[in-house]
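One structure is given below, encoded as structure tokens.
The values are calculated or read from the model by the stated rules, or taken from the named source; none is laboratory data. Fair warning: this is a prediction, and the values are worked out from it, not measured in the lab. With ideal geometry, Cβ positions are generated from the backbone for all residues, glycine too; neighbour counts draw on all protein chains shown. Side chains included, ligands, DNA and RNA excluded: accessible areas come from the protein's heavy atoms. Shrake-Rupley method; radii C 1.70, N 1.55, O 1.52, S 1.80 Å.
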Amino acid sequence: MSTKALGTNFIPLLNLEKETKRWNQLYKIMTKPKPEIIPTPRQCVWKKNKTTLWYHPAKEKKHAVPVFLIYSLLNKVYILDVGEGSSVVGGLTARGYDVYLLDWGSPGLEDSDITLDNYIIDYLENSLKRALRHSGAKEISLAGYCLGGTIAAILASITKLPIKNLSLAAVPIDFSFGIVPDKWLEGLQKGELSFDRFADAHETIPSEFLYLMFRMLSPSYGSPRMNLISRAHDDKYVEKWRRMDKWTKDTASFAGAAFKQLFNDLYKDNKLLKGELVIGSRKVDLKNIRCPLFVFSCSRDTLVLEQQSLPVMDLVSSEDKTFEVYEGGHVSLALTGVFAEIWDKWLSARSQEIQEVLV
């Protein structure tokens, strides 16, 4: 008997029981409360305004050099610690590193005048000093992800603090292209487009606007529901999807002064690449970076392209420098725990082991 004879609603070999179960699971997923994010064991060791420095001790300390993680100002930092089996922080502590994680927090209207200078010097540099004092270590490894990598590179080029290693993941260095539409970049560079009035009107950019901006600039940003529909039967995938979905909709707000500086100094004038950026009266010259450098991009990254990261390799003075590309998207590697594996593979050979210190 032909399929046509059975009617248009017939689907050959359809397992109705399996499909019914899958859709029932999907309904439960979509109606459940947002998942609770339980961080890797930690304690607060420094705080300034909305910003907190978290200390995550190693489960069994193997490396004398701690790791200091920096994430973007545009999103919540818990993407680096979203739960057991998916946590970058947890992956590093399990591999024997003491980890310090800088949580920028979410600025309020009263924080509208905070600049990138403030964030990099008053917040980041001071919290790094605190991490060094707290750990008792002589040096520290700095690891930045996305815009956090840009900020890490800027600080590493102007600070006198002892940075042992610098690792940058999915880092924008060349802002002359990328996800920002060409018309925006052309308008900024010609002075025909400015975000100053928008920032001045809002004072602090609302988190809702930033979420919509990311969705507009990168349709793949977030967790596509079609993937969930096709994999609703996979409990592990579903749990990661729910955490990802919670995080993508939980965007941070952004201080107006820093927002203007981001678009004017970086996107409009590309000052970091050109060596013209000045932070707190200190000229940012990436040639000042001499420590071992590890940079990696993600092959399916639609937010930060490989070409935006690669120029840093020619701008630094580091003799020990590595650039690699890994299969994955901008955020997916963080959810699989691969970030910790990637960083450890490079860091372990460049972090003094406890046994050596004892000797």
Query raised in the report: For the subset of the range 251-281 comprising residues that are of a type in the set (A, V, I, L, M) and either at pLDDT below 95 or more than 17 Å from Ser157 (Cβ to Cβ) (or both), which member is surrounded by the most Cβ atoms within 10 Å (Cβ to Cβ)?
Result: Ala255
Query raised in the report: Out of the residues in the range 303-321 that are open to solvent by 40 Å² or more (accessible area, probe 1.4 Å) and not hydrophobic (A, V, I, L, M, F, W, C), which is nearest to Tyr71 (Cα to Cα)?
Result: Glu306
Query - Filter pass, Asn75 being touching a residue at least 24 places away in the same chain (Cβ under 8 Å), open to solvent by less than 20 Å² (accessible area, probe 1.4 Å) and part of a loop (DSSP other than H, G, I, E, B) - result: yes
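Every residue, every condition in (1) of a type in the set (Phe, Trp, Tyr); (2) at pLDDT 95 or above; (3) open to solvent by 50 Å² or more (accessible area, probe 1.4 Å), yes or no:
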{"site": "Ile158", "(1), (2), (3)": "no, yes, no"}
{"site": "Ala170", "(1), (2), (3)": "no, no, no"}
{"site": "Lys190", "(1), (2), (3)": "no, no, yes"}
{"site": "Phe195", "(1), (2), (3)": "yes, no, no"}
{"site": "Phe198", "(1), (2), (3)": "yes, no, yes"}
Query raised in the report: Limited to the range 130-149, what total is found for residues that are part of a helix (DSSP H, G or I) and either touching a helix residue (DSSP H, G or I) at 6+ places or on another chain (Cβ under 7 Å) or without any contact (Cβ under 8 Å) to a residue 40 or more places away in the chain (or both)?
Result: 2
Requested in this report: Consider Glu60 carefully, then state whether it is assigned to a loop (DSSP other than H, G, I, E, B), at pLDDT 95 or above and open to solvent by 30 Å² or more (accessible area, probe 1.4 Å).
Outcome: yes
**Report entry** Selection count where residues are among the polar types (S, T, N, Q), part of a strand (DSSP E or B) and in contact with a helix residue (DSSP H, G or I) (Cβ under 8 Å, 6 or more places away or on another chain), scope the range 34-51
**Finding:** 1
Query raised in the report: For the range 282-302, which residues satisfy the criterion of being surrounded by fewer than 21 Cβ atoms within 10 Å (Cβ to Cβ) and either modelled with pLDDT under 95 or part of a strand (DSSP E or B) (or both)?
Result: Arg282, Lys283, Ser299, Arg300, Thr302
Query raised in the report: Pick from the range 322-336 the residues that are touching a helix residue (DSSP H, G or I) at 6+ places or on another chain (Cβ under 8 Å) and crowded, with 18+ Cβ neighbours inside 10 Å: which of them is farthest from Arg242 (Cα to Cα)?
Result: Gly328
Query raised in the report: Can you name the number of the only condition in (1) open to solvent by 20 Å² or more (accessible area, probe 1.4 Å); (2) at pLDDT 95 or above that Leu109 fails?
Result: (2)
Query - In the range 78-100, the residues that are hydroxyl-bearing (Ser, Thr, Tyr), assigned to a loop (DSSP other than H, G, I, E, B) and either closer than 12 Å to Pro39 by Cα or open to solvent by 10 Å² or more (accessible area, probe 1.4 Å) (or both) - result: Ser86, Ser87
